[in-house]
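This report refers to the structure that appears directly beneath it.
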Amino acid sequence: MRIGFIDRLAEIGNTFTFNEAQRVLGTDYYITKVILSRLEKKGWVERIEKGKYMIIPLGAEKGKYTLNEFVIGSLLVEPYAIAYWSALHQYGLTEQIPGTVFIQTTSRKKRQKIEIFGVEYQIVRVKKDKFFGFRKEWIGETQVCITNKEKTIIDCLDKPQYCGGVIEVAKSLKRKNFSTERLSAYAKKMENSGVLRRLGYLFDLLGLKVELPKPNVRNYLYLDPTMPKKGPKNAKWRLIINLDEKTLGELE
C-alpha cells in the first residue's frame, strides 16, 4: 500500500491535501479518513494541519522529520507570500534570525498564530491593494512565493512590529541592494502616509536620494510605533523620531 499510494501522492509533491488523497485513492470521505489515519500511525505521513499532510521519506523517523518552514508556511493560507522579517532574513538584509515565520495574505484565517512542529507562524492579513510585489523562490524542490526586496522593505515600514522595528529597515536600506525607483513606486502604491514619511526620513538620514511627495498633513506619527513614545519632531516628514538618529546613521 505504501509503495503504490504514497508514490502516486509523491508525484504531486512532498505535501498533499485530503482532497488530493481522496482523488488518488478513489474512495469516499470516510474511507479516505481511515486510510490516512492508519498511514499517520505507521509514520508514513504526518498531518500539518486539518486537511494538509506531508510525506515522511523512507528511513526518516516520525516526529523528527519536517519540511522547510517556508514550504509548510505556503500551505497554511491561500493566497500567501512569505514576508516581513522572514523575507528580510531570506535576502540577507538582516543578521537577526526571526523566531517566527511571517506570512502575508488577503484571506481570513481563524488563527493568526499557529505552531507546527515547534515553529511559530504569524499570519498577517492585508487589504488586496497592499498585496503585490512577489517573486518565486526555490526551497529545495518546492517553489514558494515571497515578497521581493523592495516590497519587503515597504511592508516592514507599513507594519514595523513584524520585522523587529524600523531599525531593521534602516539596516536593509544602508546595504543599498535595491531599486530606489521601485521603492518609491511601491511606497506610493501602498497609500499609507506613514510608509512615505518613514521612507523619506530614512533616505534623508542615510544620504540616499528618492523622489517622494512631502506629507500634506498636520499630525505627527512615530518613526517606530514599537518603541517608547517620546522623541524630537521632524517637521519635514511630520514624524516623532523615537529612535536614536546617531545609532541609525552609524548602522552597519
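Every number in this text was worked out from the coordinates using simple rules, so none of it is lab data. As the structure is a prediction and not an experimental result, all values here were calculated from the model. Glycine also receives a Cβ, built like all others from the backbone with ideal geometry; neighbour counts cover every protein chain displayed.
Unpaired Cys in the chain, meaning no second Cys C-beta under 4.7 Å: Cys145. Of Tyr53, Tyr30, the sequence from fewest to most neighbouring Cβ atoms within 10 angstrom is Tyr30, Tyr53. Treating r as the C-beta distance of Thr27 and Ser179 and R0 as 51 Å, the FRET efficiency rounds to 0.50.
Here the sum of -39500 (n - 2.57) over DSSP H runs of 4 or more residues, divided by the residues of the chain, equals -9500 deg cm²/dmol at 222 nm, to the nearest 500.
Across the cross-link table entries Lys174/Lys229; Lys151/Lys246; Lys33/Lys136, which are compared at the Cα atoms, the separations over 29 Å belong to Lys33/Lys136.
Given [x] 1.00; [y] 0.97; [z] 1.09, which label gives Rg/Rh (Cα atoms, Kirkwood Rh) as computed from the coordinates? Computing Rg/Rh (Cα atoms, Kirkwood Rh) and matching it to [x] 1.00; [y] 0.97; [z] 1.09 gives [z]. Of all DSSP bridge pairs formed entirely within the chain, close to 70 percent run antiparallel. Charges were assigned to the Cβ only: +1 to each Lys and Arg, -1 to each Asp and Glu. The resulting dipole of region 69-249 about its Cα centre is roughly 800 debye.
With unit charges on the beta carbon (Lys/Arg positive, Asp/Glu negative), name the residue among Asn216, Val34, Pro57 whose Cα is farthest towards the positive pole of the charge dipole of the chain. Positive-most Cα among the choices belongs to Asn216. Going down the table (Lys127/Lys171; Lys109/Lys209; Lys42/Lys109; Lys52/Lys171; Lys130/Lys236), which pairs top 29 Å between alpha carbons? Beyond 29 Å: Lys109/Lys209; Lys42/Lys109; Lys52/Lys171. Can you compute the label reach from Val210? Point 7 Å from Cα along the Cβ direction, backbone N cut-off under 18 Å, restricted to region 72-90. Only 84-85, 87-89 pass the distance filter.
Counting other Cβ atoms within 10 Å as a rough exposure proxy, the listed residues Ser86, Ser37 run Ser37, Ser86 from fewest neighbours to most. The ranking of Trp85, Trp44, Trp138, Trp237 from fewest to most other beta carbons within 10 Å of each one's beta carbon is Trp138, Trp44, Trp237, Trp85. Placing pseudo-labels 7 Å out from each Cα toward the beta carbon at Asp7 and Phe132 gives an inter-label distance of 4.8 nm. Remark: the Tyr220-Lys188 segment gains 9.7 nm on full extension, using 0.36 nm per residue and subtracting the alpha carbon distance.
Between Glu95 and Gln143, the distance separating the two model label sites (each 7 Å from Cα on the Cα→Cβ line) works out to 3.5 nm.
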